[in-house]
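This report refers to the structure that appears directly beneath it.
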């Protein structure tokens, strides 16, 4: 984990980040998490500054993939598409 400096506010906070994770299948993609931590140690759920978010750098471009719930839905849809494509390939027909 790494953290930015504390920000002066009614509720002091700082940005914290998970370790970067590189996708095994792609040398051009890193994924990490970002959250807002208050001085008491709690994490903002989106009521004050921002909800925890999953970020990625793909081909040198930073992308906000969304909240943890949004990313879980995105992954679920990606898996469904991958499963459908795998079933097409397993069919073995030419069309």
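Rule-based calculations on the coordinates, nothing more; no lab input. Only a predicted model underlies this, so the values are computations on that prediction, with no experimental measurement involved. Glycine gets a Cβ as well: all are built from the backbone with ideal geometry, and neighbour counts include every protein chain shown.
Taking the square root of 5 times each eigenvalue of the Cα gyration tensor, what semi-axes in Å does the equivalent ellipsoid of the chain have, largest first? Intermediate values should be presented prior to the final figure.
Working: eigenvalues 271, 45, 15 Å².
Value: 37, 15, 9 Å, ordered largest first.
Only helices enter this figure: runs of n ≥ 4 DSSP H residues, each worth -39500 (n - 2.57), summed and divided by the residues of the chain, yield -9000 deg cm²/dmol at 222 nm to the nearest 500.
All C-alpha to C-alpha distances of region 13-67, sorted into 5 Å bins beginning at zero, yield P(r) values of 5, 20, 25, 20, 14, 9, 6, 1 percent in whole numbers. Cα centroid separation, region 35-95 to region 5-29: 15 Å. Ordered by the number of other Cβ atoms lying within 10 Å of each residue's own Cβ, fewest first, 55, 1 fall into the sequence 1, 55.
Could you put 57, 84 in order, starting from the residue whose Cβ has the fewest other Cβ atoms within 10 Å? Mind showing how you got there, number by number?
On the way: 57 15, 84 10.
Ranked by crowding around the Cβ, least crowded first: 84, 57.
Axis angle, to the nearest 10 degrees, between helix 68-91 and the longest C-alpha principal axis of the chain: 10 degrees.
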